[in-house]
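The values are calculated or read from the model by the stated rules, or taken from the named source; none is laboratory data. Keep in mind that what you see is a predicted model, and the values were worked out from it rather than measured. Note that we place each Cβ from the backbone using ideal geometry, even for glycine, and neighbour counts take in every protein chain shown.
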Amino acid sequence: MKKIAILHELQDHVLKCVRDQNGNHVVQKCIECIHPEELDSMIESFSGEVAKLSTHPYGCRVVQRVLEYCNHQQTVGVLDELFRKIEMLVQDQYGNYVIQHILEKGQDSDKQKIIQHVTGRVATLSCHKFASNVVEKCVVFTNAKLRSQLIAEVCQNNNDIFQMMKDQFANYVIQKMLDFSDHEERKILLSKMRPHIGALKKYTYGKHIITKLDKQLSRMANDCEQDLRDNYSNNSLKVRTELNLSLNGMGSHNNNSPISIRNGVNGSNGSTPIVGMNGHNMLNHHNIQQGQYSDYNQKPVYLAANDYHERADGE
């Protein structure tokens, strides 16, 4: 009840408190701690003032709390006012924080409205001190399809991508695109960036991109190397499996089929053929007379089951 009493006492002074260095914290705390249904009168006092409050150093904080804690019916009007002034807010030193908040925590439909505003102007907005923050959030907090559209727009114009790479603000957008693009998009982006690496060394902010490129190229090289290792390992396993199956299948038309010792399986007639991993008979290992059937293409040597166990026990 004390919270509600404080809220009622503030009612006629809400806008004044929102713009005050200390009062804005009280309003924020009311929004955070009081049930949204009790805040209707406070939200109504913001009507027609949302855009102005969003460009205020303290007011932008309160607008963000409204978007975060209030229900849909209360925020729909606030969002409408924001989107009517999105051009100005994206480039405002405080308004851009409100737009970023929507991208981070808002509904997908609201995010798409912001991205639609950015699309077609990615390079221009990325070079703006405040709007570049919004473009970064568009890259990070959108879905894969919309992100691909933003990256494709940058890659279409070689001059745009070069200007962005050397710009003090836009270079961070490029870095975010490298971080959040998929494998194919990253390859295309890197191919567009490589021709400008030499020229970037002349620019202070271009060096940030060169450092990022080194990391990305190193990462891609490691990925390729790992892929080669995986392919080699898979192929080797396949060859070994086929060889083993081939060895197991030799002599299948008689009862004395040679079976690799690796499998540890006895022949069907109680005899175990001694066939090594390389396909040769393991004559020397079992002290069998050398020179007899030394090639694996010849008839393999068989031991009786008892003989085999005795020899195995004696090893």
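Here are a few things to note about the model shown:
- Sole residue being assigned by TED's automatic domain parsing to the domain that holds Lys16 and within 30 Å of Glu153 (Cα to Cα), chosen from Leu67, Leu53, Leu39, Leu79: Leu79
- Scan of the stretch 101-120 for residues that are within 13 Å of Arg147 (Cβ to Cβ) and β-branched (Val, Ile, Thr), ordered by number: Ile115, Val118, Thr119
- Near pairs, Cβ below 6 angstrom, 6+ apart or cross-chain, from the stretch 96-115 (touching a residue at least 24 places away in the same chain (Cβ under 8 Å)) to any residue that is basic (Lys, Arg): Gln100/Lys137; Leu103/Lys111; Leu103/Lys137
- Qualifying residue in the stretch 73-88 (condition: without any contact (Cβ under 8 Å) to a residue 24 or more places away in the chain, loosely packed, with under 15 Cβ neighbours inside 10 Å, hydrophobic (A, V, I, L, M, F, W, C) and more than 16 Å from Leu53 (Cβ to Cβ)): yes
- Filtered residue count, the stretch 20-35, keeping only those that are farther than 15 Å from Gln64 by Cβ and either in contact (Cβ under 8 Å) with a residue 60 or more places away in the chain or crowded, with 18+ Cβ neighbours inside 10 Å (or both): 1
- The single residue among Gln168, Gln163 that is under 26 Å from Tyr94 (Cα atoms), modelled with pLDDT of 90 or more and exposed (fewer than 15 other Cβ atoms within 10 Å of the Cβ) turns out to be Gln168.
- Restricting attention to the stretch 74-106, the residues that are over 13 Å from Ser47 (Cβ atoms) and out of contact with any helix residue (DSSP H, G or I) (no Cβ under 9 Å at 6 or more places or on another chain) add up to 1.
- Condition met for His101 (in the same structural domain as Lys16 (by TED's automatic domain parsing) and either in a loop (DSSP other than H, G, I, E, B) or of a type in the set (Asp, Glu) (or both)): no
- Of the residues making up the stretch 107-141, those that are under 17 Å from Leu82 (Cβ atoms) and in contact with a Phe, Trp or Tyr (Cβ under 9 Å, 6 or more places away or on another chain) number 8.
- Any hit, the stretch 41-55, residues being part of a helix (DSSP H, G or I), more than 25 Å from Glu136 (Cα to Cα) and among the aliphatic types (A, V, I, L, M): yes
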